[in-house]
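The values are calculated or read from the model by the stated rules, or taken from the named source; none is laboratory data. None of the values given here were measured: they were computed from a predicted structure. Here the Cβ is made from the backbone with ideal geometry for all residues, glycine too, and neighbour counts use every protein chain on show.
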Amino acid sequence: MCGIVGYIGTKPCLSMIINGLKRLEYRGYDSSGVALFNENNEILIRKAKGKIVELEKLLDKGLEKHVVGIGHTRWATHGVPSTLNAHPHNSSNGKFVLVHNGIIENYAAIREFLLGKGFVFRTDTDTEVLVSLIENNYEGNLEKAVRKSLKEIRGTYGIAVMAENEPEKIVVARRGSPIIVGVGEDGNFVASDPSAIIAHTKNVIYLGEDEIAILTKDSINILNIDFERITPDVLELDMTLEAIEKGGFDHFMKKEIFEQTQTIKDAMRGRLMIDEGNVRLGGFQDHLDKFRNAKRIIFVACGTSWHAALLGEYMLEKYTRIPVEVEYASEFRYREPVIQQDDVVIAISQSGETADTLAAIREAKTKGATVFGICNVVGSTIARETDAGVYVHAGPEIGVASTKAFTSQVTVLCLMTIMIARMKSMSSIQGSDLAKALSRIPDKVGRILETTENEIIKIAEHYKDASNFLYLGRGYNFPVALEGALKLKEISYIHAEGYPAAEMKHGPIALIDKNMPVVVVATRDGMYEKIISNIEEVKARDGKVIAIATEGDETIKGKADHVIYIPDTLRFLTPLLSIIPLQLLSYHIAVMRGCNVDQPRNLAKSVTVE
Ligand code: G6P
């Protein structure tokens with residue numbers, strides 16, 4: 001959500017912090033700020049509302065030489081987006097400064113308490129309360145004051161703190177919000193996401209829950225909340241700077257859409273055994289009995305990952321006959337779900353940091369379930385807190401609207417389906433057919449990307465000013481309709497609804513008139529005849545039909561206003577193809593409407609608050 005970057009060392013750090021913040025801007029971007037120590041050990045703060053370019057306008061030359069600092073990009077939770085509410089925040093006496101990701105739940109009570117002691121508050125934020133609490137608890141040692149304060153608060157945090165009396169250190173801590181420490185050659189870093197510091201170091205320490213790190217220019221000490229020393233694992237990041245740049249595309253989203261030929265391959269690499277008609281998912285290997293004996297599989301996820309989970313339900317029930325439930329993590333965590341022995345809970349999350357998904361897995365673990373994860377971000381909290389799991393290997397996804405992570409998640413679900421089905425009744429011949437078809441998907445995605453974009457641009461031109469869109473699909477293409485509609489509304493701000501095509505008659509049909517574009521995912525499968533009838537129903541009410549159809553289907557040309565063709569494949573794999581034109585359509589419409597495709601308003605890439 002928000003982003004943190006900091007440095008303490010011997011090199012001028014302002015540009016490192018600003019560039020790091022720019023890499024984090026996709027996480028939250030209503031305001032930003034930096035705090036630096038000057039040569040007299042005074043803390044200087046600059047903050048601005050809006051994009052980081054606004055902050056840059058305030059950065060005078062004199063600031064560049066300083067060698068200790070922290071920065072932040074903010075996505076508002078408590079207090080409106082404004083310069084005042086932007087981080088870093090300083091304490092009542094101005095001697096402590098802090099950046100914070102997360103939410104302090106009991107901030108109101110602490111604020112009252114501190115007001116009673118004469119503390120002054122200038123902002124509406126929960127963060128300002130925390131930094132003043134640290135001031136209140138300070139007795140000459142910053143980490144001790146931080147520790148005491150963290151014991152007094154409820155909520156989630158990733159923080160970096162500096163104190164004017166101790167300019168030789170930055171203290172960082174986390175609970176529920178990711179923090180990594182970067183081990184550099186001329187100093188040390190803190191960040192909420194490795195992409196912020198990858199340009200300077202690949203050696204990082206993922207701070208654990210309730211851990212505190214004390215960074216100086218040449219040392220890193222990690223302590224648990226009881227102040228016992230922890231020996232950290234220093235990991236080498238397997239991520240290149242180039243991988244997180246735009247690579248010649250205008251937007252990260254477009255780059256990520258076009259990467260899907262490769263990322264789907266990467267999700268299968270080393271896992272698909274075509275000759276044996278089987279799959280090997282390393283992360284699940286020690287738990288195969290859990291899957292074999294599962295009485296029920298429960299997916300918990302949010303947003304696009306929830307749509308992937310829905311596809312998981314369709315394919316797993318068909319091929320494995322294990323009952324599957326798909327839960328919004330935010331509902332699951334609070335509604336006292338029934339979890340029984342032999343239930344398997346699987347969290348799907350691109351970021352691995354979504355607060356509700358994390359809380360849902362904790363709830364499931366409390367109830368005794370074995371919890372697995374399907375995540376993209378390596379080392380993320382969900383990846384670490386689940387009993388076991390697999391990565392989808394999509395690489396860093398920067399565009400807020402998820403594209404390649406979705407197809408990678410679906411690919412892993414296809415693999416999982418084959419793996420479990422083979423442990424049950426599926427023959428090696430059928431397994432091999434499925435595996436072969438899956439292995440051909442990346443080339444087919446490549447063909448769609450090469451052949452459909454011009455037509456999609458024309459369609460986008462035609463409908464870019466529409467106020468509403470309807471997306472319809474049946475069977476495996478119903479979750480695709482939901483995901484297509486979500487993509488459009490996220491980045492173009494056009495209202496869009498995804499519906500099971502037949503359900504249209506129970507409401508949305510009332511909206512259809514000549515101004516209503518209806519995207520119908522009408523590939524040739526068992527539901528084809530039925531979806532053609534749905535197209536007729538739309539046409540009878542003057543709606544405009546944009547059909548996603550299977551190559552070679554000439555009939556549909558006479559029915560729909562526009563047709564985008566995709567290659568044929570097995571039914572359960574269709575979503576990996578049919579979603580591609582819908583991603584491109586939303587992308588081009590958003591660009592034509594002048595929207596900020598990679599950083600849509602109000603959205604964050606990683607929602608680390610509930
Ligand atoms: C946010 C993002 C979505 C994402 C959802 C779930 O809303 O903008 O793109 O699908 O969170 O995130 P996760 O990282 O758990 O998949």
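Every condition in (1) modelled with pLDDT of 95 or more; (2) surrounded by fewer than 24 Cβ atoms within 10 Å (Cβ to Cβ) is met by Ile339 except one, and the failing one is (1). If the condition is being assigned to a loop (DSSP other than H, G, I, E, B) and farther than 27 Å from Gly3 by Cα, then the stretch 335-364 contributes Arg335, Glu336, Pro337, Val338, Ile339, Gln340, Gln341, Asp342. When the stretch 365-397 is limited to residues that are touching a residue at least 60 places away in the same chain (Cβ under 8 Å) and among the acidic types (Asp, Glu), the one that is nearest to the ligand (Cβ to nearest atom) turns out to be Glu397.
Any chance the stretch 567-588 includes a residue that's away from the ligand (no atom under 16 Å from the Cβ), free of Cβ contacts under 8 Å to residues at least 24 places away in the same chain, surrounded by fewer than 22 Cβ atoms within 10 Å (Cβ to Cβ) and not polar (S, T, N, Q)? No, the stretch 567-588 has no match at all. Taking the stretch 592-610 as the search range and keeping residues that are over 17 Å from Leu24 (Cβ atoms) and either modelled with pLDDT of 85 or more or touching a strand residue (DSSP E or B) at 6+ places or on another chain (Cβ under 7 Å) (or both), which one is nearest to the ligand (Cβ to nearest atom)? Filtering the stretch 592-610 for residues that are over 17 Å from Leu24 (Cβ atoms) and either modelled with pLDDT of 85 or more or touching a strand residue (DSSP E or B) at 6+ places or on another chain (Cβ under 7 Å) (or both), the one nearest to the ligand (Cβ to nearest atom) comes out as Asn602. Please enumerate the residues belonging to the stretch 453-492 that are charged (D, E, K, R), in contact with a helix residue (DSSP H, G or I) (Cβ under 8 Å, 6 or more places away or on another chain) and more than 22 Å from Gly303 (Cβ to Cβ). If the condition is that a residue be charged (D, E, K, R), in contact with a helix residue (DSSP H, G or I) (Cβ under 8 Å, 6 or more places away or on another chain) and more than 22 Å from Gly303 (Cβ to Cβ), then Glu453, Glu461, Lys464, Arg474 are the ones that fit. Filter the stretch 564-576 down to the residues that are under 27 Å from Asp250 (Cβ atoms), of a type outside the set (Val, Ile, Thr) and touching a helix residue (DSSP H, G or I) at 6+ places or on another chain (Cβ under 6 Å) and list them by number. Across the stretch 564-576, the qualifying residues are Pro567, Pro575, Leu576. Taking the criterion of being within 15 Å of the ligand (Cβ to nearest atom) and either of a type in the set (A, V, I, L, M, F, W, C) or in contact with a Gly (Cβ under 6 Å, 6 or more places away or on another chain) (or both), the residues of the stretch 346-364 that qualify are Ile346, Ala347, Ile348, Ala355, Leu358, Ala359, Ala360, Ile361. Selection of the stretch 464-513 for residues being among the aromatic types (Phe, Trp, Tyr) and crowded, with 21+ Cβ neighbours inside 10 Å yields Phe469, Tyr471, Tyr476, Phe478, Tyr499. The condition (being in contact (Cβ under 8 Å) with a residue 40 or more places away in the chain and assigned to a helix (DSSP H, G or I)) is satisfied by just one residue among Lys487, Lys505: Lys487. Of the residues Gly187, Gly140, Gly158, only one is crowded, with 20+ Cβ neighbours inside 10 Å and on the phi > 0 side of the Ramachandran plot; which? Residue meeting the stated conditions: Gly187.
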